[in-house]
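Scroll down for the structure; my scribbles are underneath it.
What follows is calculated from the coordinates using simple rules that are stated; it is not laboratory data. Keep in mind that this is a model prediction, so the values were computed, not measured. Reconstructed Cβ throughout: ideal geometry from the backbone, glycine too, with neighbour counts over all protein chains shown.
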Amino acid sequence: SIEPAQLWSWQRATKPILGDNFHRNYSIRPQKVPSAPVPNCIVLHITPPRSTLEDRLQEEDFLDEACALAQTLGYAVPVREILRLRAIHPKTFIGKGKVVELRGLLRATDAILFINTPRLTALQQRNLKELCQTEGVKDRISVILDIFGQRARTMEAKLQVELAQCKYALSHLVRGASAGYEQQRGASGTGFMAGGGEKALELRRRQLREQSKVLQHKLKTVEKRRMEQRKHRRQPTVSLLGYTNVGKSSLLNALTHSHAVSVEDRPFETLDTTTRALFLPSVGASALLTDTVGFIRQLPLELVAAFRATLEEAVSADLLLHVRDASTLGTPLFAEQYASVDKILRDVGTPEHLKHSVVEVWNKVDLLTNKQRDQMARVLAGAKREASSPDVVLVSAQTKEGMRELVRMIGDRLVEGGFLQPAETRGADKKSSCEKDGKKHMCYSDEEGKQEVLSSRTENMSNKKAVNEVDV
Ligand SMILES: Nc1nc2c(ncn2[C@@H]2O[C@H](COP(=O)(O)OP(=O)(O)OP(=O)(O)O)[C@@H](O)[C@H]2O)c(=O)[nH]1
Ligand SMILES: [Mg+2]
């Protein structure tokens with residue numbers, strides 16, 4: 001048997017236990033094997049058969065992300081490994097030899113198993129639980145659902161997560177000892193009588209369906225109330241969107257000079273939507289800035305469906321700020337995260353929803369070296385000359401670098417889109433002074449307090465060429 005302490009050196013991977021990139025992207029430190037109540041989790045990242053070269057180049061990053069997910073859920077990760085599958089085994093997903101090996105490891109570390117693949121079938125999960133003799137076998141979806149379950153705070157987010165969990169449970173009902181629906185009285189031989197397990201299974205299915213209906217009804221009521229509140233808003237709306245952990249909440253806090261939203265170096269810190277007023281000095285008016293849940297590669301469909309209203313609202317803002325982590329520039333992660341966000345936006349938004357201006361906000365530039373910055377500036381200057389390239393603002397929510405430019409850009413784009421009137425076209429009689437942060441500002445309000453929409457920009461994020469290939 002393997003001594004827990006040996007596990008650090010047991011790794012097959014040539015990289016250190018948490019990969020080179022781990023500490024750059026997530027600062028959660030690896031915790032040593034079981035000294036305590038922190039439960040352990042063995043993380044196995046799966047590179048599927050016929051994977052692309054790109055997938056194989058990024059597997060260390062994917063493994064880092066999987067470990068961060070496990071740690072966000074409160075697990076220590078004593079063992080992490082990449083497994084390149086040559087074929088998927090229908091009954092156990094991974095090969096029998098690997099299962100036996102894992103059983104020993106799981107026993108030695110008293111851990112659960114997290115297989116980082118989008119989805120295990122109910123049968124594979126049940127078989128793995130039985131063969132590995134563990135209660136805990138999770139796939140990527142169940143880990144993400146558990147994190148959402150832990151972190152949801154508002155009534156709406158809680159209902160959304162419950163609905164997603166309900167749908168997941170419905171798709172994972174299976175007979176078997178580990179699932180608790182064993183065939184107690186068999187139909188074997190007779191062929192027409194359903195066993196007790198079958199009945200229990202059917203009962204559970206009905207319960208879950210009813211629960212899901214009740215949740216959907218409750219959610220509709222909460223959403224309706226929120227839509228009503230939204231109707232009374234007169235300011236234009238700006239949404240912060242982007243991959244998880246890129247610094248959306250930090251930007252909301254920095255832009256609105258507040259600590260309204262919690263910031264942590266871990267995925268899915270934010271699940272609940274927060275909106276704050278953002279004063280735009282160049283226009284002399286305010287917009288509403290919203291921070292919301294971050295995206296992730298292979299976001300479970302159940303969650304996209306449950307969070308549809310939240311995501312649709314975010315996507316249908318007058319201006320989208322797509323926040324990206326500039327510190328990943330020059331790595332495949334930069335383009336990969338862009339592609340994931342773009343995919344989710346397409347999934348959520350009908351073309352109508354995506355007809356909005358998008359500004360790319362490259363955050364965390366404080367982490368770049370001077371040389372990297374120079375190279376990036378040159379590439380961006382080149383990209384700017386192309387009509388199809390998006391507006392990019394370089395910022396650091398930490399050092400506040402680039403904040404002024406970002407605020408100016410937000411004002412300009414809202415004016416261009418006709419969501420705000422430019423300062424100079426407003427009559428002097430419409431000017432008034434308002435107080436913000438203890439300072440006097442010139443404020444403007446249009447006739448009858450309404451915003452007149454002059455024109456509407458119809459640019460699609462997907463029509464814009466992504467600036468991903470920055471060779472730094
Ligand atoms: N160095 C540096 N770190 C930053 C910057 N902005 C955010 N961070 C850090 O990045 C981590 C994630 O920040 P958040 O603001 O929580 O990120 P988020 O996009 O809201 O993440 P989720 O809510 O989980 O989707 C935190 O540890 C922040 O301190 C920045 O400009 N520079
Ligand atoms: Mg956040």
Unit charges on C-beta of K, R, D, E only; dipole of region 233-317, Debye: 260 debye
Neighbourhood charge, 14 Å Cβ-Cβ cut-off, centred on residue 156 and excluding it, Lys, Arg +1 and Asp, Glu -1: +4
